[in-house]
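Participant: I'd like to ask some things about the structure below.
The values are calculated or read from the model by the stated rules, or taken from the named source; none is laboratory data. Given the structure is predicted, the values throughout are model-derived calculations rather than measurements. Methodologically, a virtual Cβ is constructed for each residue, glycine included, from the backbone with ideal geometry; neighbour enumeration extends over all protein chains shown. The accessibility values were calculated without ligands, DNA or RNA, using every heavy atom of the protein model including side chains. Shrake-Rupley method; radii C 1.70, N 1.55, O 1.52, S 1.80 Å.
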Amino acid sequence: MGTEEIKKEMNAANWFSQLAYDRWVPIPVSGARPSARYKHAAAVADDDGKLYIAGGSRTGRYLPDVQVFDFRGLVWSSLKFKSKVDGGKVEENGAPEVLPATSDHSMVKWGNKLLLLGGHSKANSDSMIVRFIDLETHACGVIETSGEAPVSRGGHSVTLVGSRLIIFGGEDRNRKLLNNVYALDLETMTWDVVATKQTPPAPRFDHTAAINGDRYLLIFGGCSHSIFFNDLHVLDLQTMEWSQPEVQGDLVTPRAGHSGVTIGENWYIVGGGDNKNGCPETLVLNMSKLAWSALASVKERDPLASEGLSVCSVLINGERHLVAFGGYNGKYNNEVFVMRLKPRDALRPKIFQSPAAAAAAASVTAAYALAKSEKLDFSKLNLNSNGTGKNSTEQDLASEIDALKEEKKVLELSLAEVRAENYRVKEKIDEVNGTHAELSKELHSVHGQLVAERSRCFKLEAQIAELQKMMESLQSIENEVQLLRRQKSALDQEIERSAAQRQGSGGVWRWIAG
């Protein structure tokens, strides 16, 4: 199912009232749109009903602008701001680049400010810079921080937990992948290194992060320079221990460049890809049950199946909506999409909606009912003394017991089907495990070949070194041969001169004697 179009004649004042639940819809926009982009930062301010888009990149060029979308008028505008440092002091040069062109950064709303952290830009910095935009005065600048700041990076995640920002992972300007954790106290603007226990996630960037219950930090997906992940990791912020829990529900494909937003206990994941294909499904993770389900799906080349898009939540007419913008899926996008969310109380993860699970639940209910019926005490029933009520009641109870027995047989058949399905699933798991074992053997074989090739390379390098020494020796020998040739030539010339002199002397004496 693709995105649905909103009719152009729809009244902009009540467009949201005509939206279907759990379906992506592009919003008709009045006036000019911002330039298409991806890897930008986005945030929504519910108090003014606006979406803020900062920076991003397009065709390898970083973008410096801040664009604002008003959900009330369905119109874009550019934010014009004043350049100040934190504290209200205007820079001396009058127009400093306090908000440089940046990509792959993060933005969160804190009070009446938007905080922008990290990202890649032409402005070099050793540590992560925190910038701000005041939504009331439109002043912007750099916030001074203290403590041990993380190295500058992009593709990291920033999660607001109470009055702290938790930063995880990313890629520094030397393309080094990171998996460390830092915290920024927004009350004191002090950085701290977070020391964690157990095995952390593999270093990665372009992942997503969420917080559940102000205690558990969840990390999903992302990529290294060659591997795309679909794993879920949890950091307990009280014990500072990492874990990788088992998840239920629908199969989730590896992805990076996706975006996520939490509403209550549900974490919505949109877009992403693996540099070859985009991810068309909108996922929901119930963070309490750790169960994935697919909420909606779009076409493969849809703008929502893009990498580097942004997703936020916005409150419209008292209802929560998802709003998505931008991304790249072979072309850069600049459309705004919304999804009206059905209350999650009416939607269970798919794993609890399957026929097998429903049959198993019914079997448990029926077994409980049958157990209760078998414990009935017939002697305590209030029957008439003439026995008529007794006979009719016994007949009714007998018929009910027969009906329960028939229902039991049906449920036993359903339970047998569930067991058969579990057996088939187990066979598939065994097959996957067998394939994994074969791939492991192949990997070990390839590893052995690589070791052998490495050994052969070392031998070749040693032979090359010996040949180089021989070449140097040959050069020395050639120089000696040239010297000997010159000496021989000089000796030959001297012998010829001596012979000529002897011949000349013999001729004079013969003349005198004659």
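Participant: 7 Å from Cα along Cα→Cβ at both residue 495 and residue 315: what's the point-to-point distance in nm?
Facilitator: 11.3 nm
Participant: What is the distance in Å between the Cα centres of the stretch 66-80 and the stretch 417-455?
Facilitator: After rounding, the separation between the Cα centres reads 53 Å.
Participant: Could you calculate the FRET efficiency of residue 342 with residue 110 from 1/(1 + (r/R0)^6), where r is the beta carbon distance between them and R0 is 41 Å, rounded to 0.05?
Facilitator: Plugging the Cβ-Cβ distance into 1/(1 + (r/R0)^6) gives 0.85.
Participant: Then there is this: Between residue 138 and residue 331, what's the calculated FRET efficiency when r is the beta-carbon distance and R0 is 56 Å? Round to 0.05.
Facilitator: In this case the efficiency is close to 0.95.
Participant: Rounded to whole Å, give me the distance from the Cα center of the stretch 295-336 to that of the stretch 204-233.
Facilitator: Each part reduced to its Cα centre gives a spacing of 19 Å.
Participant: I'd like the accessible area for residue 497: 1.4 Å probe, protein heavy atoms, all chains in place, Å² to the nearest 10.
Facilitator: Probe radius 1.4 Å; accessible area of residue 497 about 140 Å².
Participant: Put +1 on the Cβ of every Lys and Arg and -1 on every Asp and Glu Cβ in the stretch 156-238; which of 158, 200, 217 then has its Cα farthest towards the positive end of the dipole?
Facilitator: The Cα lying farthest towards the positive end belongs to 200.
Participant: Okay, next question. What is the calculated FRET efficiency for residue 250 to residue 465, with r their C-beta to C-beta distance and R₀ = 51 Å, to the nearest 0.05?
Facilitator: Step by step, r from the Cβ atoms, then E = 0.35.
Participant: What's the ranking of 465-472, 297-304 by average number of surrounding C-beta atoms within 10 Å, highest first?
Facilitator: Listed from highest to lowest mean packing, they are 297-304, 465-472.
Participant: Run the quick spin-label model on residue 124 and residue 398: label points 7 Å from Cα toward the beta carbon, then report their separation in nm to one decimal.
Facilitator: 9.7 nm
Participant: Using 7 Å Cα-to-Cβ label points, what is the residue 188/residue 226 separation (nm, one decimal)?
Facilitator: Placing both labels 7 Å along Cα→Cβ, they lie 4.4 nm apart.
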